[in-house]
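What follows is calculated from the coordinates using simple rules that are stated; it is not laboratory data. This is a predicted model, so every value here is computed, not measured. A quick note on method: Cβ atoms are made from the backbone with ideal geometry, for glycine too, and the neighbour counts reach across all protein chains shown.
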Amino acid sequence: MTAESIKKSFIDIFQTEPVLVKSPGRINIIGEHTDYNGGLVMPAAIDKGVYVAISKRNDQEIHLYAESFQSTCISSVAAIKKTELSWANYILGVANEFVQRGHQLSGFNLYIYGNVPLGAGLSSSAAVECATALALQYINGLSVSKMELAWLSQKAEHTFAGVNCGIMDQFAAVFGKKDHAMMLDCRSMEYEYIPLKLEGYKFVLLNTNVKHSLSDSAYNERREQCNKGVSWIKSHHPEVHYLRDADLAMLEEHVKPKDENVYLKCKYVVNEIERVKKAAQALKNGDLKELGALMFQTHEGLSKDYEVSCKELDFLVNQVKGLAYVLGARMMGGGFGGCTINVVKEQEIDALVDKLSSLYLNEFGLKLDAYIVETGIGAEVI
Ligand code: GLA
């Protein structure tokens, strides 16, 4: 749908002119499961995203319509509650966060349409949250910083969607810049834009089209395992607040003897944070080979130590290993399904996708979808 057709649909439903907001999905080049450990991440916003059309109401009611589900939800600013409709919870969760923070919201009509594939690990949920946050800020004339929009969107995911996510996805949705990755330090919240000069290569996403049901519970469990590791170290090193503050020697001494499994989880995170630093340097040096090698290492760590991969993701990464025209590949996002991200020589993309599609179909009886990534900008009022 175009911006015009979204507006038109809104007017058909709500008989009034809307304001239109767009917020992007994201890729993550490297730095997985590091954000909630105070570590480094390197996401980029993509050109696909979520559109929200919104208008103020004269009462306290909230009227929502989701184009993709042809579904309606009605609520009220005075009594926002979680619903059975998961798509609506992302929106209501954000409205609730504004209210919790003492902001005055009017009732509103909101129409939502997205072209980020759902459940593919491209953060369609953060895109919905951040589009809603910006839309509500705009129509209510609230003074809320961009960073605050990201924080309150993240909080909505914790409270209304039940996933204790880090800040990466919402940050990327708000701060994205075309043709740039962002290296964000999730401890200090300082960030740097790094130009994406891919010189004949492209990021290609391969969507497994699976999302295993474990994903949310395992995500929260990983967070707890990391916190456990930190608490064991902290009793000897009070300056350690996150795994970011720890090193491998500390893990060997204080975590490994207590729990081998927690140790492996923590070790992955500490190593991954170091990889992000190296990857940033590699990108700046135009050394895509090095970047790709680091991505393969990340996959290995996510699969063997952190244990958030799955057979479909492992299969896709294994298939491209050793191909001269694929410099790197790894699973992307929270895990248990979604996409792999690959650095592929432009001329080889079509042939590679054809070949992998038939291998994937053969192995799992599933369709493989491929997207060539175009970067985009952060959330904006159109
Ligand atoms: C999900 C979360 C992010 C981040 C990634 C893993 O996308 O929303 O905060 O933790 O998983 O890197």
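In nanometres, what is the gap between the two model label sites at residue 261 and residue 74, each 7 Å from Cα along Cα-to-Cβ?
Here the answer is 4.8 nm between the modelled labels.
Along the charge dipole of the chain, pointing to its positive end and built from +1/-1 on Cβ of Lys, Arg, Asp and Glu, which listed residue (382, 144, 365) has its Cα farthest out?
The residue sitting most towards the positive pole is 144.
Evaluate the charge dipole of the chain about its Cα centre and quote only its size in Debye, nearest 20, assuming +1 on the Cβ of each Lys and Arg and -1 on the Cβ of each Asp and Glu. Could the numbers behind the result be given before it?
Working: 39 positive and 47 negative charges, 45 e Å.
Charge dipole of the chain: 220 debye, to the nearest 20.
Which order do peptides 94-104, 339-349, 355-365 fall in by mean Cβ count within 10 Å, highest first?
Values: 94-104: 17.8, 339-349: 20.5, 355-365: 13.8.
Averaged packing, sorted descending, gives the order 339-349, 94-104, 355-365.
Residue by residue, what Karplus-based ³J(HN,Hα) values in Hz, rounded to whole numbers, does region 51-61 have, using 6.51, -1.76 and 1.60 with θ = phi - 60° and x for Gly and Pro?
Values, residue by residue: 9, 10, 9, 9, 9, 6, 10, 8, 10, 8, 6 Hz.
Using only helices, what value at 222 nm comes out for the chain when you add -39,500 (n - 2.57) per DSSP H run of length 4 or more and divide by the total residues, to the nearest 500 deg cm²/dmol?
Mean residue ellipticity at 222 nm (helix-derived): -13000 deg cm²/dmol.
Would you mind checking the radius of gyration and Dmax of region 238-382 based on alpha-carbon positions, in Å?
17.7, 55
Counting only other residues whose beta carbon sits under 14 Å from that of residue 380, what net charge do I get with K and R as +1, D and E as -1?
+3
Find how much the distance from residue 289 to residue 84 grows on full extension, using 0.36 nm per residue of separation minus their present alpha carbon separation; answer in nm with one decimal.
69.2 nm
Region 176-220 to region 237-265: how many Å between their Cα centroids?
Centre-to-centre (Cα) distance: 26 Å.
What number do you get for the chain when its Cα radius of gyration is normalised by 2.2 N^0.38 Å, N = residues? Don't jump to the answer; show the numbers that get you there.
On the way: Rg = 21.0 Å, N = 382, 2.2 N^0.38 = 21.1 Å.
For the chain, the normalised Cα radius of gyration is 0.99.
With point charges of +1 on the Cβ of Lys and Arg and -1 on the Cβ of Asp and Glu, referenced to the Cα centre of region 201-372, which listed residue (270, 237, 286) lies farthest in the positive direction of the dipole?
Checked the options; the winner is 286.
Enumerate the amide H contacts of residue 194 below 5 Å, restricted to partners 5 or more residues apart or on another chain; note that Pro and chain-start residues carry no placed amide H.
Amide H to amide H, under 5 Å and 5 or more residues apart or across chains, residue 194 pairs with 181, 182, 183.
Placing unit charges on C-beta atoms (Lys and Arg positive, Asp and Glu negative, everything else neutral), compute the dipole magnitude of region 3-196 about its Cα centre in debye, rounded to 20.
240
Which peptide among 150-160, 168-178 comes first, and what is the full order, when sorted by highest mean count of other Cβ atoms within 10 Å?
Output ranking for 150-160, 168-178: 168-178, 150-160.
Calculate the length of the line joining the C-alpha centroid of region 76-121 to that of region 314-337, in whole Å.
Between the Cα centres of region 76-121 and region 314-337 lies a distance of 35 Å.
Can you tell me which of 326-333, 228-235 comes out highest on packing, and rank the rest after it, using the mean Cβ neighbours within 10 Å?
326-333, 228-235
In nm, give the distance between the simple-model label positions of residue 374 and residue 239, each being 7 Å from the Cα along the Cα-to-Cβ direction.
Taking the simple label geometry, residue 374 and residue 239 are separated by 4.8 nm.
For residue 248 and residue 4, calculate 0.36 nm times their separation in residues minus their Cα-Cα distance, and state this gained length in nm to one decimal.
Gain on stretching residue 248 to residue 4: 82.4 nm.
To the nearest 20 debye, what charge dipole does region 202-360 have about its Cα centre, counting +1 at the Cβ of each Lys and Arg and -1 at the Cβ of each Asp and Glu?
With only Lys, Arg, Asp and Glu charged at Cβ, the dipole is about 140 debye.
Residue 354 versus residue 228, label points 7 Å from Cα toward the beta carbon: distance in nm?
Here the answer is 5.0 nm between the modelled labels.
Quote the FRET efficiency, to the nearest 0.05, computed for residue 103 versus residue 214 with a Förster distance R0 of 41 Å and r equal to the Cβ-Cβ distance. Display every interim value, and only then the final one.
Details: r = 36 Å, r/R0 = 0.88.
Here the calculated transfer efficiency is 0.70.
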